[in-house]
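Undergrad: One structure, pasted below without further comment.
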Protein chains: 2
Amino acid sequence: MRSLAKGDDTRSSILEQALELSAEVGLEGLTVGTLAKRVGMSKSGLYAHFESKEDMQRQVLDAAASYFVDAVVSPALKQPRGLPRVRALFERWIDWISSNERRGGCLFIGSATELDDRPGPVRDTLVGHLRDVTGTIARAAAIAIEEGHFRDDLDLDQFAFEVWGILLTHHHFERLMGNRDARKRASVAFAALVRRATPA
Amino acid sequence: MRSLAKGDDTRSSILEQALELSAEVGLEGLTVGTLAKRVGMSKSGLYAHFESKEDMQRQVLDAAASYFVDAVVSPALKQPRGLPRVRALFERWIDWISSNERRGGCLFIGSATELDDRPGPVRDTLVGHLRDVTGTIARAAAIAIEEGHFRDDLDLDQFAFEVWGILLTHHHFERLMGNRDARKRASVAFAALVRRATPA
DNA sequence: TGTCAATACGAACGGTCGTGCTATCGTGCG
DNA sequence: CGCACGATAGCACGACCGTTCGTATTGACA
């Protein structure tokens, strides 16, 4: 039996810890030694699961993405087509940021600015995931147009730009600035955005 | 004569280089050795100008803030009170981000997410500067209300939240995602925000 | 039970990190 | 001119970085 390899098991628990840790210290701040200590194994034993640190970072991002899809995207897609689904996407997402929030916040957002001037495979991986994410918003908005919930001349990319922007801003104000109203302000901004998008 | 100390001279040229460098690699990525090489002096010689690395980071942030005030805030304050001044603030700011953009982008934005989970004096310094900055927006908006350009029930903090958010988002899409439309999308969002703020 | 891969470990590598100490340099003052 | 002093350099430190390698431990199958 190939399927029950023990290695895959440890690898995934490594990645789980890596997610927590990198949410605290950033993706660049994630270090082999610290992670090994956290997981409770030796540096070399841990490192054997990856071909390089870069590879490790990429795998962490992929793991984060799959968690994200499970927690945010999939449940939201079960909502009725159109505006409800768009709204669910926004709400669940902002909840996700706040719940991961005790420690670290959203890894994507955290990695975004630390990678924006460091070209390479890790950054490419992140950009890919973020494109998926804004793509998902745009697609949901397109459906909302079909359903007649949104104006049919709505600029989908502009809409996605602004939604993702509100999430970004919420994260910024809540986590860095310690603004307790962040959540409310984000909701207000989102409501205004939706109003702009609805037919006259 | 106390005023013409040579040290102050080198210190400011160190900070200048530090601004460039930290815009590329982030504030945390800024390292004594690399900076020394860049400035063309020894690690210890450079380090003698600061009492710790943390102190260095704080000074870099302060230097960035004063550059920012000179390039963005002061000129904008010369514009007529009210909406023109608010608009000038936004425009100059976004220009500033784009011009620093060849290498690095805005240090404040760059540092924001890497410091959001690392409490301490450096983070406090950053938060202070950012509060100044959103405060400036809110104050300009307050004047716009006085002038009758904005609705008098406008929520100032909400307005500042969203303006700063648009800047943040612009930076994100332009620098990380490489979106060539970022500037245009930011303008559209800002225009909609202003429309919401103008009296019915 | 013996075999063989898969897995984990300890130690070590060259490098760089932040940070001190000591010595040298350059320059304006007495 | 020489001296004092501020600015810079040289060097060393312990710690940690990513990475490699040889070795021990494990667990599945014969």
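The values are calculated or read from the model by the stated rules, or taken from the named source; none is laboratory data. Nothing here was measured: the structure is a model prediction, and the numbers come from that model. Neighbour counts run over all protein chains shown; Cβ positions are idealised from the backbone, glycine included. Surface areas here come from the heavy atoms of the whole protein model, side chains and all, with no ligands, DNA or RNA. Shrake-Rupley method; radii C 1.70, N 1.55, O 1.52, S 1.80 Å.
Undergrad: Residues B:A144, B:A197, B:A192, B:A140: which one is open to solvent by less than 30 Å² (accessible area, probe 1.4 Å), farther than 25 Å from A:R175 by Cα and facing another protein chain (nearest Cβ under 8 Å)?
TA: On the way: B:A144 fails: facing another protein chain (nearest Cβ under 8 Å); B:A197 fails: facing another protein chain (nearest Cβ under 8 Å); B:A140 fails: facing another protein chain (nearest Cβ under 8 Å).
None of the other options fit; the residue is B:A192.
Undergrad: Being of a type in the set (A, V, I, L, M) and without any contact (Cβ under 8 Å) to a residue 40 or more places away in the chain is the filter here; which residues of region B:134-155 pass it?
TA: Answer for region B:134-155, where residues must be of a type in the set (A, V, I, L, M) and without any contact (Cβ under 8 Å) to a residue 40 or more places away in the chain: B:A138, B:A142, B:I145.
Undergrad: Determine whether region A:10-29 contains at least one residue that is part of a helix (DSSP H, G or I) and within 8 Å of DNA strand D (Cβ to nearest atom).
TA: Here is the first cut: in region A:10-29, the ones part of a helix (DSSP H, G or I) are A:10-25.
From what's left, within 8 Å of DNA strand D (Cβ to nearest atom): none.
So far as region A:10-29 goes, no, none of its residues is part of a helix (DSSP H, G or I) and within 8 Å of DNA strand D (Cβ to nearest atom).
Undergrad: Checking the structure you have, find out if any residue of region B:20-38 is within 11 Å of DNA strand C (Cβ to nearest atom), surrounded by 14 or more Cβ atoms within 10 Å (Cβ to Cβ), free of Cβ contacts under 8 Å to residues at least 60 places away in the same chain and more than 29 Å from B:R175 (Cα to Cα).
TA: no
Undergrad: Scanning region A:34-48 for residues that are under 12 Å from A:T10 (Cα atoms) and of a type outside the set (A, V, I, L, M), which turns out farthest from DNA strand D (Cβ to nearest atom)?
TA: Here the residue is A:G40.
Undergrad: Here's another thing I want to ask about it. Examine region A:101-114 for a residue that is over 23 Å from B:D181 (Cα atoms) and among the acidic types (D, E), and state whether such a residue exists.
TA: So far as region A:101-114 goes, yes, one or more of its residues are over 23 Å from B:D181 (Cα atoms) and among the acidic types (D, E).
Undergrad: Tell me whether region A:68-76 contains one or more residues that are touching a helix residue (DSSP H, G or I) at 6+ places or on another chain (Cβ under 6 Å), closer than 22 Å to A:L15 by Cβ and within 12 Å of another protein chain (Cβ to nearest Cβ).
TA: No: zero hits.
Undergrad: Is it the case that A:T10 is within 14 Å of chain B (Cβ to nearest Cβ), open to solvent by less than 60 Å² (accessible area, probe 1.4 Å), among the hydroxyl-bearing types (S, T, Y) and within 16 Å of DNA strand C (Cβ to nearest atom)?
TA: On the way: within 14 Å of chain B (Cβ to nearest Cβ): no; open to solvent by less than 60 Å² (accessible area, probe 1.4 Å): yes; among the hydroxyl-bearing types (S, T, Y): yes; within 16 Å of DNA strand C (Cβ to nearest atom): yes.
For A:T10, the condition - within 14 Å of chain B (Cβ to nearest Cβ), open to solvent by less than 60 Å² (accessible area, probe 1.4 Å), among the hydroxyl-bearing types (S, T, Y) and within 16 Å of DNA strand C (Cβ to nearest atom) - is not met.
Undergrad: Quick one: which helices (runs of 4 or more DSSP H) sit completely within region B:43-85 and have at least 2 residues that are of a type in the set (F, W, Y)? Can you show your working first?
TA: Details: elements: B:43-47, B:53-68, B:74-77.
Fully inside region B:43-85 and qualifying: B:53-68.
Undergrad: Right, another one. Can you find, within region B:156-183, the residue that is most open to solvent (accessible area, probe 1.4 Å) among those that are in contact (Cβ under 8 Å) with a residue 12 or more places away in the chain and among the charged types (D, E, K, R)?
TA: Looking at the filtered set, the residue picked out is B:D157.
Undergrad: Also, quick follow-up: Can you say whether A:G128 is under 13 Å from the mean Cα position of the chain (by Cα), in contact (Cβ under 8 Å) with a residue 60 or more places away in the chain, within 14 Å of chain B (Cβ to nearest Cβ) and outside any loop (DSSP other than H, G, I, E, B), as far as the supplied structure shows?
TA: Values: under 13 Å from the mean Cα position of the chain (by Cα): yes; in contact (Cβ under 8 Å) with a residue 60 or more places away in the chain: no; within 14 Å of chain B (Cβ to nearest Cβ): yes; outside any loop (DSSP other than H, G, I, E, B): yes.
When the stated conditions are applied, A:G128 does not pass them.
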